[in-house]
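One structure is given below, encoded as structure tokens.
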């Protein structure tokens, strides 16, 4: 048979990324957003002095970053399904890198907050698309292993970031933390340069379908309880990281590195709480039982902090010990809440993940905004804040478990 010479030649097979390279990319990108949140929190008091502003004003740079981070996730998720991972990653990194440069050159607080918002909006693309790249590239047991590596990198970043930031501030100045973020962005650019597109097939953007699906997700009582409880659990670390530096350094007169290691311990408790979900067995409690136990233990720790604040007052141990326990409980509940929320609508998992990420970050940024009004000179206002937060977690977890039991009955 004579070949059809008029037919276009077959396209060469697309080159694939090696699994090791993808794991490196996933780990670097998954931890980027966490690093940019926590690396400069030990320097907040020094930054407040530099910009001649109040603690509440400088703390708004963190909540502004979080709000922009949430918005970026919501936008970049559907766009990356339509136009590809690499293009959207490059676009997000451009915005993030510009934010890093602007933060270093900021002459006043307003410009610095704008720079942090640009950083948050741009860096949102990294964690979100790291999940998408895993789904594109792995299957079976390899998929589970890739998500495990990503979870470890995501969990370790907020643990080590305050320690790195505290030492950079002590050795150089608080601007060194911002230089670190700029260098990290250049490292991500180098990795992205070698990355080959993994999107199997573009998905056409239909605004009407997106709105319909978003309404379906947001109207779910299970989803509402999940993102509120998850956002409040995540807020435990974030609120401590913006209030704690002022209490430890200004009121208790400790060094920045002292707070860095204190934050390291609390982050480690959060990380250990998350690892506890890897334990399985017939004698161990179910995920639902762990949720209930974690919520009530968190509430008990917050009430203990309230009692200590009313009797002993502000000491390092009265501040740290209750937060250590609450961090452990939050870490133990967080993976289960994430799994329950993300698995509700498997046919629109990407959109569900984007909405969940946006919603929980909005909750977290709102909590940090309110925490900016907490006095840093006594422990009682922070203890009251944590007691309200933990009580709300108990309410949300109780509602979630009730809704889940109703769904099981209907099934």
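If you go through region 369-387 and keep only what is closer than 14 Å to residue 231 by Cβ and surrounded by fewer than 22 Cβ atoms within 10 Å (Cβ to Cβ), you end up with 369, 370.
Listed here are the residues, each with its yes/no results for (1) in contact with a strand residue (DSSP E or B) (Cβ under 6 Å, 6 or more places away or on another chain); (2) modelled with pLDDT of 80 or more; (3) within 22 Å of residue 246 (Cα to Cα).
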{"position": "25", "(1), (2), (3)": "no, yes, no"}
{"position": "68", "(1), (2), (3)": "no, yes, no"}
{"position": "82", "(1), (2), (3)": "no, no, no"}
{"position": "87", "(1), (2), (3)": "no, yes, no"}
{"position": "92", "(1), (2), (3)": "no, yes, no"}
{"position": "97", "(1), (2), (3)": "no, yes, no"}
{"position": "108", "(1), (2), (3)": "no, yes, yes"}
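Kindly evaluate residue 187 against the criterion of being exposed (fewer than 15 other Cβ atoms within 10 Å of the Cβ), touching a helix residue (DSSP H, G or I) at 6+ places or on another chain (Cβ under 8 Å) and closer than 20 Å to residue 119 by Cβ. Yes: the conditions hold for residue 187.
Between 354, 320, 309, 304, the distinction of being assigned to a helix (DSSP H, G or I), within 30 Å of residue 214 (Cα to Cα) and in contact with a helix residue (DSSP H, G or I) (Cβ under 8 Å, 6 or more places away or on another chain) belongs to 354 only.
When each of 217, 243 is tested for being closer than 17 Å to residue 371 by Cα and in contact (Cβ under 8 Å) with a residue 24 or more places away in the chain, the lone residue that passes is 243. Go through the residues of region 192-211 one by one and say whether even a single one is in a helix (DSSP H, G or I), at pLDDT 85 or above, in the same structural domain as residue 136 (by TED's automatic domain parsing) and surrounded by 15 or more Cβ atoms within 10 Å (Cβ to Cβ). Among the residues of region 192-211, at least one is in a helix (DSSP H, G or I), at pLDDT 85 or above, in the same structural domain as residue 136 (by TED's automatic domain parsing) and surrounded by 15 or more Cβ atoms within 10 Å (Cβ to Cβ), which makes the answer yes.
Looking only at region 33-53, residues that are over 19 Å from residue 248 (Cβ atoms) and either crowded, with 24+ Cβ neighbours inside 10 Å or without any contact (Cβ under 8 Å) to a residue 24 or more places away in the chain (or both) come to 3 in all. Per the listing 358, 329, the residue uniquely at pLDDT 90 or above and either under 27 Å from residue 128 (Cα atoms) or surrounded by 23 or more Cβ atoms within 10 Å (Cβ to Cβ) (or both) is 329.
The values are calculated or read from the model by the stated rules, or taken from the named source; none is laboratory data. Because the structure is a prediction, the values reported are computed rather than measured. All Cβ positions, glycine included, derive from the backbone under ideal geometry; neighbour counts span all protein chains shown.
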